[in-house]
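Peer 1: Structure below; questions to follow.
The values are calculated or read from the model by the stated rules, or taken from the named source; none is laboratory data. Every value quoted in this text rests on a predicted model; they were computed, and no experiment measured them. Here the Cβ positions follow ideal geometry from the backbone for every residue, glycine too, while neighbour counts run over all protein chains shown. Only protein heavy atoms, including side chains, enter the accessible area calculation; ligands, DNA and RNA are left aside. Shrake-Rupley method; radii C 1.70, N 1.55, O 1.52, S 1.80 Å.
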Amino acid sequence: MTTSQVGSEDFRHILTQTRSFVRTSVVPREQEIMDADAIPDDIRDAAKAMGLFGYAIPQEWGGLGLDLTQDVDLAMELGYTSLALRSMFGTNNGIAGQVLVAFGTDEQKSTWLERIASGEVVASFALTEPGAGSDPAGLRSQAIQTDDGWIINGEKRFITNAPLADLFVVFARTRPADADGTGIAVFLVPADASGVQVGAKDRKMGQEGAWTADVHFADVRVPHSALVGGSEDVGYRAAMSSLARGRVHIAALSVGAAQRALDESVNYAATATQGGTTIGEFQLVQAMLADQQAGVMAGRSLVREAARAWVSGEDRRIAPSVAKLFCTEMVGKVADLAVQIHGGSGYMRDVPVERIYRDVRLLRLYEGTSEIQRLIIGRGLIKQALH
Ligand SMILES: Cc1cc2nc3c(=O)[nH]c(=O)nc-3n(C[C@H](O)[C@H](O)[C@H](O)COP(=O)(O)OP(=O)(O)OC[C@H]3O[C@@H](n4cnc5c(N)ncnc54)[C@H](O)[C@@H]3O)c2cc1C
């Protein structure tokens with residue numbers, strides 16, 4: 001969504017409802033989610049009922065129709081708990097859903113978007129391959145045109161929600177890169193199409209309850225209508241624009257997680273004692289809290305500015321990368337300080353900051369590593385200077 005379809009009053013209601021859902025229904029069950037490596041069905045159903053599977057999908061397709069300035073405020077609430085909650089509907093609203101919203105044909109939108117927005121369909125974004133993560137232009141999955149459609153072959157890895165997916169948004173090469181472009185197109189492949197094989201769930205460092213897996217496409221046949229936008233040339237552009245938008249969202253999620261780590265730290269520092277003194281009275285502990293607070297506030301402002309610049313169209317390249325770089329690195333430091341403030345307790349599995357420390361490590365890796373964000377920012381600045 002570029003333009004919001006939700007007035008400020010209605011949005012305030014959505015935000016209040018989401019905050020209450022996160023803090024009263026999900027926060028108390030974080031341990032359960034972690035132990036079961038799954039989001040309980042009643043939480044999934046509640047999220048569906050609240051429209052969270054489609055908050056960034058336009059209202060004509062059954063979504064809530066939030067724009068990115070609203071999306072980031074929502075994401076800051078969602079980041080306050082197990083990041084697996086957001087991941088459950090993150091691909092529908094974000095990287096996968098936005099490819100359809102921005103580049104799909106009317107027919108593709110009417111076939112899929114309503115079901116994506118309601119949560120009936122889980123959509124996954126299948127770009128990364130072995131050897132083609134930071135450099136997706138080097139992907140090797142192939143789509144060959146036939147009289148009645150396309151045949152897709154390839155190997156994707158680390159695909160979020162793959163074990164639950166009903167639809168894969170699959171990037172594949174229709175020709176070698178040439179002067180006209182990367183040769184990458186994007187296809188809508190139902191998960192039950194013959195030849196689609198989803199591997200075993202990956203065993204990850206954190207974000208228990210959010211699942212990823214390899215996906216193998218072996219002679220998968222799809223009709224002509226599966227080619228997104230009806231054009232072989234939109235694939236790479238669709239991936240880059242969906243990822244850039246997603247970066248602002250991930251930055252906001254980082255701010256939410258950092259706020260939680262800070263709140264846990266303040267609570268602990270205000271109650272735990274050493275030698276009869278509350279640890280929050282030690283100035284070195286106060287200094288850690290101060291650094292956390294400064295990071296959270298700077299991140300929040302940056303995210304809102306990047307979202308504003310996205311919606312106005314002023315900056316859809318450098319600002320998203322700046323926000324992602326700063327906020328994901330910031331939450332890494334804030335989570336690390338939170339563990340430090342908790343002392344030995346911070347290393348124990350039943351303490352929220354231990355989970356946050358592991359959960360947020362991913363944010364610096366996916367949707368472009370910190371190194372890739374630096375390259376985008378640096379390259380963008382030089383390009384501007386040369387024009
Ligand atoms: C839990 C999880 C969920 C994911 N979900 C999805 C998903 O839903 N869909 C999807 O398509 N992908 C997904 N990914 C993949 C993710 O986007 C990639 O892992 C990420 O982009 C990094 O690519 P890579 O793993 O191939 O690492 P590499 O690109 O091999 O990076 C290794 C190191 O080299 C550095 N590096 C690489 N290229 C350069 C360069 N040109 N200059 C300087 N440094 C460089 C990197 O910054 C990094 O430090 C997911 C990954 C994880 C771990």
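Peer 1: Solvent-accessible area of Glu371, probe 1.4 Å, all protein chains present, reported in Å² to the nearest ten, please.
Peer 2: Number for this one is 110 Å².
Peer 1: A further question on this structure: With all protein chains present, calculate the accessible area of Asp350 using a 1.4 Å probe and round the result to the nearest 10 Å².
Peer 2: Rounded to the nearest 10, that gives 110 Å².
Peer 1: Something else: As I understand it, the value is the acute angle between the Cα axis of helix 283-312 and the longest principal axis of the Cα atoms of the chain; what does it come to in degrees, rounded to 10?
Peer 2: The angle comes out near 30 degrees.
Peer 1: Right, something else. If you fit an axis through the alpha-carbon atoms of helix 83-93 and take the longest principal axis of the Cα set of the chain, what angle between them do you get, 0 to 90°, nearest 10?
Peer 2: For 83-93 against the chain, the angle is about 30 degrees.
Peer 1: Oh, and also: How many times 2.2 N^0.38 Å is the alpha carbon radius of gyration of region 123-232? Each step should come with its number before you reach the end.
Peer 2: Values: Rg = 13.7 Å, N = 110, 2.2 N^0.38 = 13.1 Å.
The reported ratio for this selection is 1.05.
Peer 1: From the phi of every residue in region 140-146, what ³J(HN,Hα) in whole Hz does the Karplus formula 6.51 cos²θ - 1.76 cosθ + 1.60 yield, where θ is phi - 60° and glycine or proline is x?
Peer 2: 10, 4, 10, 10, 10, 7, 10
Peer 1: For the chain, which span is the longest to avoid every loop-located (per DSSP) member of trypsin sites (Lys or Arg not before Pro) having at most 11 other Cβ atoms inside 10 Å?
Peer 2: On the way: sites that count: Arg203, Arg349.
Result for the longest clean stretch: 1-202.
Peer 1: Among Ala270, Leu243, Ala298, which residue has its Cα furthest toward the positive end of the charge dipole of region 237-386, with +1 on Lys/Arg Cβ and -1 on Asp/Glu Cβ?
Peer 2: So the residue we want is Leu243.
Peer 1: Another question, if that's okay. If I stretch the segment between His216 and Thr3 completely, what's the gain in nm (0.36 nm per residue apart, minus their alpha carbon distance), one decimal? Don't jump to the answer; show the numbers that get you there.
Peer 2: Numbers: separation 213, 0.36 × 213 = 76.68 nm, distance 3.66 nm.
Computed gain between His216 and Thr3 is 73.0 nm.
Peer 1: Over the chain, with a Gaussian network built from C-alpha contacts below 10 Å, which listed residue (Leu68, Leu362, Leu262) shows the highest mean-square fluctuation?
Peer 2: Of the options given, Leu362 has the highest mean-square fluctuation.
Peer 1: Now, a different point. How long are the semi-axes of the equivalent ellipsoid of region 93-187, taking √(5λ) for every eigenvalue λ of the Cα gyration tensor, in whole Å from largest down? Can you show the working numbers first?
Peer 2: Working: eigenvalues 104, 54, 31 Å².
With the √(5λ) rule applied to region 93-187, the semi-axes are 23, 16, 12 Å.
Peer 1: Here's a follow-up. Using the Cα centre of the chain as origin and beta-carbon charges of +1 (Lys, Arg) and -1 (Asp, Glu), tell me which of Ala172, Thr24, Ser345 is placed farthest towards the positive end of the dipole.
Peer 2: Projecting each Cα onto the dipole axis, the largest value belongs to Ser345.
Peer 1: OK, next. Hey, got the dipole for region 237-386? About the Cα centre, +1 on K and R Cβ, -1 on D and E Cβ, debye to the nearest 20?
Peer 2: Numbers: 19 positive and 14 negative charges, 177 e Å.
That gives region 237-386 a dipole magnitude of about 860 debye.
Peer 1: Which whole-Hz couplings ³J(HN,Hα) result when phi for each residue of region 216-225 is put into the Karplus expression 6.51 cos²θ - 1.76 cosθ + 1.60, θ = phi - 60°, listed in order with x for Gly and Pro?
Peer 2: Result, rounded to whole Hz: 10, 10, 10, 6, 7, 9, 10, x, 3, 5.
Peer 1: Hey, what D do you get for region 183-252 in µm²/s if you plug the Kirkwood alpha-carbon radius into Stokes-Einstein at 10 °C and 1.306 mPa s? Before the final figure, lay out each step's value.
Peer 2: Values: Rh = 14.6 Å.
So the translational diffusion coefficient is about 109 µm²/s.
Peer 1: My understanding is that a pair violates if its Cα-Cα distance is over 23 Å; which of Lys324/Lys383; Lys333/Lys383; Lys48/Lys109; Lys156/Lys204 do that in this structure? Display every interim value, and only then the final one.
Peer 2: On the way: Lys324/Lys383 20 Å; Lys333/Lys383 31 Å; Lys48/Lys109 19 Å; Lys156/Lys204 17 Å.
Flagged as over cut-off: Lys333/Lys383.
Peer 1: If you don't mind, another one. Using alpha carbon coordinates only, what is the Rg to Rh ratio of region 64-133, with Rh defined as the Kirkwood radius?
Peer 2: On the way: Rg = 13.4 Å, Rh = 13.3 Å.
Rg/Rh: 1.00.
Peer 1: Something else now. Solvent-accessible area of Ile382, probe 1.4 Å, all protein chains present, reported in Å² to the nearest ten, please.
Peer 2: 100
Peer 1: Label points 7 Å out from Cα along the Cβ direction at Arg12 and Glu314: separation in nm?
Peer 2: The modelled label-to-label distance comes out at 2.5 nm.
Peer 1: Compute the Rg to Rh ratio over region 237-386 from the alpha carbon atoms, using the Kirkwood formula for Rh, and round to two decimal places.
Peer 2: Numbers: Rg = 17.4 Å, Rh = 16.2 Å.
Here the Rg-to-Rh quotient is 1.08.
Peer 1: So how many Å³ per residue does the convex hull of the Cα atoms of region 313-383 work out to?
Peer 2: Spread over its residues, the Cα hull of region 313-383 gives 89 Å³ apiece.
Peer 1: Then there is this: To the nearest 20 debye, what charge dipole does the chain have about its Cα centre, counting +1 at the Cβ of each Lys and Arg and -1 at the Cβ of each Asp and Glu?
Peer 2: Values: 37 positive and 47 negative charges, 181 e Å.
Computed charge dipole of the chain: roughly 860 debye.
Peer 1: Here's something else I'd like to know. Farthest toward the dipole's positive end in region 123-232, which of Gly209, Leu127, Gly138, given Cβ charges of +1 (Lys, Arg) and -1 (Asp, Glu) about the Cα centre?
Peer 2: Positive-most Cα among the choices belongs to Gly209.
Peer 1: What FRET efficiency would be calculated for the residue pair Gln340, Thr146, taking the C-beta separation as r and a Förster radius of 51 Å, to the nearest 0.05?
Peer 2: The value I calculate is 0.30.
Peer 1: Now, a different point. May I ask for the Rg/Rh ratio of region 33-79, computed from Cα atoms with Rh as the Kirkwood radius, given to two decimals?
Peer 2: Values: Rg = 12.5 Å, Rh = 11.8 Å.
That ratio equals 1.06.
Peer 1: Now for a different question. Explain nothing, just compute: Karplus ³J(HN,Hα) = 6.51 cos²θ - 1.76 cosθ + 1.60, θ = phi - 60°, for every residue of region 206-213 in order, whole Hz, x for Gly and Pro.
Peer 2: x, 6, 4, x, 10, 10, 10, 6
Peer 1: From the gyration tensor of the Cα coordinates in the chain, what semi-axes in whole Å does the equivalent ellipsoid have, largest first, with each one equal to sqrt(5λ)?
Peer 2: Ellipsoid semi-axes (Å, largest first): 36, 22, 20.
Peer 1: Within a Cβ distance under 14 Å of Ala269, other residues only, what is the Lys/Arg minus Asp/Glu net charge?
Peer 2: Numbers: positive: none; negative: Asp263, Glu264, Glu281, Asp291.
Computed value for this residue: -4.
Peer 1: Can I ask one more? Can you give the Rg and Dmax of region 8-118 based on its C-alpha atoms, in angstrom?
Peer 2: Every Cα atom of region 8-118 included, Rg and Dmax give 14.0, 43 Å.
Peer 1: Let me ask you something else. To the nearest 0.05, how large is the calculated FRET efficiency for Leu365 and Ser110 if R₀ is 35 Å and r is the Cβ-Cβ distance? It would help to have the intermediate numbers written out before the result.
Peer 2: Working: r = 35 Å, r/R0 = 1.01.
Plugging the Cβ-Cβ distance into 1/(1 + (r/R0)^6) gives 0.50.
Peer 1: Please state the Cα pair-distance histogram of region 167-301 with 10 angstrom bins from zero: what percent is in each bin?
Peer 2: Result, from short to long distances: 10, 22, 23, 17, 13, 10, 4, 0 percent.
Peer 1: Which whole-percent values make up P(r) of region 4-65 when all C-alpha to C-alpha distances are grouped in 5 Å steps starting at zero?
Peer 2: Using 5 Å bins, I get a P(r) of 4, 17, 23, 22, 15, 10, 7, 2 for region 4-65.
Peer 1: I would also like to ask the following. Which loop GluC sites (Glu not before Pro) in region 270-369, with loop taken from DSSP, have no more than 15 other Cβ atoms within 10 angstrom of their Cβ? Each step should come with its number before you reach the end.
Peer 2: Details: sites: Glu281, Glu305, Glu314, Glu329, Glu354, Glu367; in loops: Glu314, Glu367.
Here the sparse-neighbourhood loop sites are Glu314.
Peer 1: As a test of reading the structure, rank His224, His249 by solvent-accessible area (1.4 Å probe, protein chains only), most first. Write down the numbers at each step before the final one.
Peer 2: Values: His224 80, His249 15 Å².
Greatest to least solvent exposure: His224, His249.
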